[in-house]
1. So which of R251, R266 ends up being part of a helix (DSSP H, G or I) and modelled with pLDDT of 70 or more?
2. So I103 ticks every box in (1) under 27 Å from H183 (Cα atoms); (2) modelled with pLDDT of 90 or more; (3) within 10 Å of the chain's Cα centre (by Cα) but one. Which box is left unticked?
3. Taking the criterion of being at pLDDT below 95 and among the charged types (D, E, K, R), would at least one residue in the range 152-166 satisfy it?
4. Determine which single condition D46 fails, assuming it passes every other condition in (1) farther than 24 Å from R133 by Cα; (2) in contact (Cβ under 8 Å) with a residue 24 or more places away in the chain; (3) outside any helix (DSSP H, G or I).
5. Which one of R73, R38 is basic (K, R), over 18 Å from A8 (Cβ atoms) and without any contact (Cβ under 8 Å) to a residue 60 or more places away in the chain?
6. Sort through L25, L36 and tell me the only one that's assigned to a loop (DSSP other than H, G, I, E, B), aliphatic (A, V, I, L, M), modelled with pLDDT of 90 or more and within 19 Å of R113 (Cα to Cα).
7. Filtering the range 181-209 down to residues that are of a type in the set (A, V, I, L, M, F, W, C) and crowded, with 19+ Cβ neighbours inside 10 Å, which residue is modelled with the lowest pLDDT?
Amino acid sequence: MADRAELAAFLRARREALQPEDVGLPRGRRRRTGGLRREEVAALCDMSADYYTRLEQPHGPNPSEQMLGAIARGLHLSLEERDHLFQIAGYAVPRRVRRGDHINPGMMRILDRLEDTPAKVVNHLGETLKQTRPAVALLGDETAFTGLARSLHYRWFTDPVSRLTHPSSDHAGHSRLLVADLHGAYARDGCDSRTAELVDTLRTASPEFGALWSEHPVIGPYCAPKRFQHPQLGLLELHCQTLVDPDQAQRLQVFTAVPGTESHARLQLLSVLGSDTVQRQVESL
């Protein structure tokens, strides 16, 4: 059974302890108290301010497990704090398998400070857990997929639309990189894992994947520049810098361009795509 009074108190305590700077928000001169406002936390958790406000009341609603996961990410909870949240809400503690859905608070803080840069957190299966707005503008909303389609590896080998973000001449090399990445995850996770299930599915669904898998490709630590074909901005050559969290099997990927290049100029337009001013700038490139 959920302990509603304890749940409300825990949420209030964590909200008040979380500072604006922790989530990339300006403190502002009119902020009278420390901690975040309820509407700010609600936005971080992708829920309405009214619903979150009621969660902080002793007789409020009982959130679902999916909602609790969103709250844990929004409040930047550690794994121990997340487990406690589930317990007082009346649920079993999530298994700590290499699913990698819970983002490390430190990685979340870094991502929150990259709001003007294309960046995303992905797990070992290529599932995107969170993106900055410029990353959505560059790659589309990769967090909206469900089931096996959550994995970029799966989409790349089963859905031709997923390849439109890269020039066709780069597809073969990109395929090889994805297979090598999945080989590394399979070596760590073993034959009784979600990684193995994904591999088995792809070997059946994609002859290309099966052929590359049998070659056992291996990639090094160097990440070569990648080319992206954007429908409005055109071709961008970007470098992908990666921060790895081995405990959570997650990677923070940040996309940058060399200053002074055409790709750098185009990259600056991602965060404001859609305005008339941007359209004129795009046409002038």
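1. After applying the criteria, what remains is R266.
2. (2)
3. no
4. Failed condition: (1).
5. Within the list R73, R38, the selection yields R73.
6. The match here is L36.
7. Checking each candidate, the answer is A185.
The values are calculated or read from the model by the stated rules, or taken from the named source; none is laboratory data. Since we're looking at a predicted model, the values are computed, not measured. Virtual Cβ from ideal backbone geometry, glycine too; neighbours counted across all protein chains shown.
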